[in-house]
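All of the numbers you see were taken from the coordinates with simple rules; none came from a lab. On a predicted model such as this, the values are computed, not experimentally measured, just so you know. Cβ placement follows ideal geometry from the backbone for every residue including glycine, while neighbour counts extend to all protein chains displayed.
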Amino acid sequence: RRSCDVPSGVCVCVCVCVCVCVCVCVCVQTHSLMYTYTAFSKSVGLPGFYTFTAMGLLDDIIIDYYDSKSQKKVPKQDCMNKALPQPYWVEGTKARQAKQKWFKRNIKIMMARMKQNSSDIHVLQWRHGCEAEKQPGNSSLQFTRGIDMYSYDGKDFISFDATNKVWVASSVVAEQTKRKWDNEELIHYTISYLQNNCIQWLKSISDSELEDLSGTPPKVLMFAKNSKVKKNVVLTCLATGFLPKYIELKIKNEGRVLNGADRVVSTGPLPNGDDTFQRRDDIEIFRDDLATYTCEVSHSESNLHINSTWGKFDCFFPLFCALLPPCGHTVSLQLFTFRNCLMKCLQKFSVCCFFFMTAFLKNKMFTLLSLTW
């Protein structure tokens, strides 16, 4: 998400009139509705892993869930339970149970086609949904992108290309499926679902109380820790607990934005356990680096903007450093801060001593010359 700066310009017309041109940038909200299905060829044998799971996500927030153990489609947000009647969840359960049978049947087909035995665990996944933009002051949603893709054993298998209206096979094995699915009826149904049905469903959910889930500001934590290299430390900027997941986080050195070329490592937006998101950026610097490092966080949905440094700490020497500008350093650990701050002051102290001794010797020399003269 980019901030909405309003650029302006002035154009003069043949020295007769002045025309002021103002361009307004409009912030566009992007919303998504996605469904993911995961099926294993047999039980994984680990807690929390089921042979079949399915979930719906609105703006990356889980809104409904189904697994092969409970055999029920249930709401994951209170507002979903209030907005949709009980018959919806009953019919949704039947649909998910039918999907579970479809996945079980097709995993067997895939294993036979690829000549795989049943001793290993195989996984078939399906992800489909839509993205749309909502203009400020207008509740209508404009379709921007549709997704319909399958993967097998963690690799892309086949996906739908809405622009060219064809299925795209990602492997030789998928060519057989492509030939079967590249028929006019299925392609028309897929396009209609992504561009119409999915968008209508997205609008109906977005207009419900789920709007209350958006615009949650992040908590920003800044700290430093020792690196594996003794002469280095790692500065960390962590933003957590925000919704939706779109956020800007920048680490700067004396105002310059740092990136991967400067050894900045970013996790990108990651989910928390409470349906919020987090992002963490790190940079490794020399322990005696005296530059100013800042972290800038912008979350447009919650109108939050933070620009902070790593623990400002001032120090001075009463006799000499008091006459100099106070020295500060941008780190978070006080001992680390004090050490670097002390080094800076010692540098200034040595300069003070140099000029003091020079002035003293010059004055002493002048006195001696005066006596001799």
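Distance distribution note for segment 30-213: the fraction of Cα pairs above 24 angstrom is 45%. Given +1 at the Cβ of Lys and Arg, -1 at the Cβ of Asp and Glu and no other charges, the dipole of segment 219-309 around its Cα centre is 360 debye to the nearest 20.
Each Cα pair under 8 Å and six or more residues apart adds its separation to the average, and for segment 45-97 the resulting relative contact order is 26 percent.
Reducing segment 71-142 and segment 226-287 to their Cα centroids gives an inter-centroid distance of 34 Å.
Taking trypsin sites (Lys or Arg not before Pro) across segment 235-290, the ones in a DSSP loop with at most 14 further Cβ atoms lying within 10 angstrom of their Cβ are ARG263. Sorted ascending by nearby beta carbons within 10 Å, beginning with the fewest, HIS299, HIS128, HIS188 become HIS188, HIS128, HIS299. What number, in percent, do you get for the relative contact order of segment 219-309 if the mean sequence gap of Cα pairs under 8 Å and at least 6 apart is divided by its residue count? Dividing the mean separation by the residue count of segment 219-309 yields 32 percent. Sorting LEU258, LEU238 by the number of Cβ atoms found within 10 Å of their own Cβ, with the fewest placed first, yields LEU258, LEU238. For segment 23-88, the C-alpha radius of gyration divided by 2.2 N^0.38 Å, with N the number of residues, is 1.51.
Expressed as a whole percent, the proportion of Cα-Cα pairs in segment 122-264 lying more than 26 Å apart is 54%. In this structure, TYR35 and ASN259 have a Cβ-Cβ separation that, at R0 = 25 Å, corresponds to a calculated FRET efficiency of about 0.10.
How high is the relative contact order of segment 123-188, in percent, counting Cα pairs under 8 Å that sit 6 or more residues apart?
Values: 95 pairs, mean separation 14.3, N = 66.
Over segment 123-188, the number comes to 22 percent.
Hey, could you get me the Stokes-Einstein D for segment 62-171, Kirkwood radius over alpha-carbon pairs, 4 °C and 1.567 mPa s, rounded to whole µm² s⁻¹? Reported coefficient: 76 µm²/s. Computed about its Cα centre, the charge dipole of segment 37-123 is approximately 560 debye, with only Lys, Arg, Asp and Glu carrying charge at their Cβ.
Relative to the globular-protein estimate of 2.2 N^0.38 Å, the Cα radius of gyration of segment 219-309 stands at 1.10.
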